[in-house]
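Here's the structure, in structure tokens; my notes come after.
The values are calculated or read from the model by the stated rules, or taken from the named source; none is laboratory data. Computed from a predicted structure; not experimentally measured. Quick reminder, even Gly has a Cβ in these numbers, built from the backbone with ideal geometry, and neighbours come from all protein chains shown. Each accessible area value is taken on the protein alone, full model and side chains, heavy atoms only, with ligands, DNA and RNA left out. Shrake-Rupley method; radii C 1.70, N 1.55, O 1.52, S 1.80 Å.
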Amino acid sequence: MNSRQQQLKAFNRLLDIMDDLREKCPWDRKQTMQSLRHLTIEETYELGDAILDNNLNEVKKELGDILLHIIFYAKIGSETGDFDIADVANEICEKLIHRHPHIYGDVKVENEEQVKQNWEKLKLKEGKKSVLEGVPKSLPALVKASRIQDKAKGVGFDWEEPGQVWDKVQEELQEFQQEVKEGNTDKIEAEFGDVLFSMINYARFLNINPEDALERTNKKFIKRFQYLESKAGEIGKPLAEMTLAEMDVFWNEAKKL
């Protein structure tokens, strides 16, 4: 591992390169915070993929891409005179010190849950009107639901045990099935949302990240489906011309693999 001095040297090197790119590269000169935004989101998802794949070499590369974006935003901020990378770093340092009074103050905590509860109380003291203000509006719905529930839990609004949550899942499923029978599309959608929300809640009680769980299933399906496609290619028969029974043969082979 690199020493702290080597780490700071590498960070300083990146700052110098960013200065060069912003001055000399036509593409880098043209970028704004708005033009970088969607690229930053894409890089974040790529990091997420690397983490799920447990590919640490890719994690390192994707962290570099995200670090570049942070430096890029800070460089643009310095050009407008609003902030620079030192301001960014100092801001998060002050925030961390303020929100960890059990480390930098005299507050005592017994466990992780108390830390999270203190965190939410401190946010309200900072002027937030709702603990849910910290949940980004643009988050994907599944991730947003998980964060909403986690935030509510931080101030004590939560079920007491997993069994209660599972009962709620069953209740929502019954209501969903009833609306399906009645055929009201709008109510079906609403009840389906309730089912998903309650399932995400149950996953939280089981210490399962619902986003990670669903992505694992996505990857599993993709792998099996692509095996099915390759086998169809080997026998020279397009999937559209195969029966479900024929496809099931290869699907079951993929499951065994």
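Things to note:
- Unique match (being in contact (Cβ under 8 Å) with a residue 24 or more places away in the chain and either open to solvent by less than 60 Å² (accessible area, probe 1.4 Å) or not in a loop (DSSP other than H, G, I, E, B) (or both)) among Val195, Val180: Val195
Table: residues versus (1) surrounded by fewer than 17 Cβ atoms within 10 Å (Cβ to Cβ); (2) modelled with pLDDT of 95 or more; (3) hydroxyl-bearing (Ser, Thr, Tyr).
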residue	(1), (2), (3)
Ser138	yes, no, yes
Trp166	no, yes, no
Asn201	no, yes, no
Ala213	yes, no, no
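- Residue list for the range 78-98, restricted to those being free of Cβ contacts under 8 Å to residues at least 24 places away in the same chain and surrounded by 14 or more Cβ atoms within 10 Å (Cβ to Cβ): Ser78, Phe83, Asp84, Val88
- Verdict on Gly48 being more than 16 Å from Asp19 (Cβ to Cβ), of a type outside the set (Phe, Trp, Tyr) and open to solvent by less than 50 Å² (accessible area, probe 1.4 Å): yes
- Unmet criterion (only one of (1) part of a helix (DSSP H, G or I); (2) free of Cβ contacts under 8 Å to residues at least 40 places away in the same chain; (3) out of contact with any Asp or Glu (no Cβ under 7 Å at 6 or more places or on another chain); (4) among the aromatic types (Phe, Trp, Tyr)) for Phe157: (1)
- For the range 216-257, a tally of residues being within 22 Å of Ala50 (Cα to Cα) and either hydrophobic (A, V, I, L, M, F, W, C) or outside any helix (DSSP H, G or I) (or both) returns 3.
- On inspection, Glu160 passes the criterion of being charged (D, E, K, R) and open to solvent by 70 Å² or more (accessible area, probe 1.4 Å).
- Some residue of the range 74-83 being closer than 16 Å to Asn118 by Cα and part of a helix (DSSP H, G or I): no
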